[in-house]
1. Asp79 versus Ala16, label points 7 Å from Cα toward the beta carbon: distance in nm?
2. GNM on the chain, C-alpha springs below 10 Å: top fluctuator among Pro146, Pro114, Pro176?
3. Starting from the Kirkwood radius over alpha-carbon pairs of segment 17-75, derive D by Stokes-Einstein at 20 °C in a medium of 1.002 mPa s and give it in µm² s⁻¹.
4. Provide the descending list of Cα extents for the chain along its principal axes, expressed in whole angstroms.
5. Compute the length gained on full extension between Leu181 and Glu46: take 0.36 nm times their separation in residues and subtract their Cα-Cα distance, giving the result in nm to one decimal.
6. Place a point 7 Å from Cα of Ser135 in the direction of its Cβ. Which residues in segment 91-108 have their backbone N less than 16 Å from it?
7. Provide Met148, Met1 in ascending order of the number of other Cβ atoms located within 10 Å of each residue's Cβ, fewest first.
8. Run the numbers for Ala94 and Met1: contour at 0.36 nm per residue of separation, minus the present Cα-Cα distance, in nm.
Amino acid sequence: MNFPSKLIENAVEELAKLPGIGRKTALRLVLHLLKGDTEDTKALSEALVKMRENITYCKTCHNIADTEICDICANPLRDRSLLCVVSDIRDVIAIENTSQYKGIYHVLGGVISPIEGIGPSDLNITSLVERIPGSEIKEVVLAISPTMEGDTTAFYITRKLRDYNLKISTIARGVPVGGELEYTDEITLGRSIIERTSYSK
């Protein structure tokens with residue numbers, strides 16, 4: 001790809017490093033910024049620099065935050081008896097977008113994966129266990145992706161929490177709404193049959 005300017009080429013190269021952004025998309029974005037207001041470009045760059053320099057992680061749940069304690073942990077209206085364990089910050093965002101969960105969270109920062117050299121000590125599991133004694137937590141929901149690594153992580157956490165008087169649950173797994181049974185993989189369909197629920201209108 002030929003560029004009329006080295007400055008544009010440099011900008012395209014940097015934007016193309018972002019996930020899901022190819023060189024053509026990066027070029028479109030750069031040209032859009034070039035045509036727009038200089039103030040808009042400055043505002044974008046300042047917002048990105050401020051985010052990178054000032055973002056922090058909640059010392060309680062490890063979610064992203066602007067202060068030591070994230071907005072969810074600081075919210076007195078959240079149900080503190082219900083703790084949802086997720087592997088990634090993106091999972092918190094996804095669950096929050098459903099508006100169906102009113103408890104608190106704990107972000108592990110990944111899943112156990114021996115192939116990638118990630119063990120339990122590389123994750124926020126110790127701090128999870130330390131949150132339980134003396135807390136209001138009665139149920140731990142393991143909202144971890146149903147992969148081999150995810151199931152290994154869930155099993156490990158369950159073992160770590162077995163000495164506490166807790167209800168440990170996982171998110172339901174089954175056929176998605178609008179899904180066709182004939183196109184559903186055997187494992188998901190089998191799980192849906194085993195974990196069937198009572199039919200109600």
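Coordinate-derived values only; no laboratory data. Quick caveat: nothing in here was measured; it's all calculated off a predicted structure. Cβ coordinates were reconstructed from backbone atoms using ideal geometry, including for glycine residues, and neighbour counts include every protein chain displayed.
1. 4.9 nm
2. Comparing Pro146, Pro114, Pro176 in a Gaussian network model of the chain, the most mobile one is Pro176.
3. 154 µm²/s
4. Here the Cα extents, ordered largest to smallest, are 64, 47, 42 Å.
5. On the way: separation 135, 0.36 × 135 = 48.60 nm, distance 4.89 nm.
Extra length available between Leu181 and Glu46 comes to 43.7 nm.
6. 92, 102-108
7. Working: Met148 11, Met1 8.
With the fewest neighbours first, Met148, Met1 line up as Met1, Met148.
8. Additional length available on full extension: 29.8 nm.
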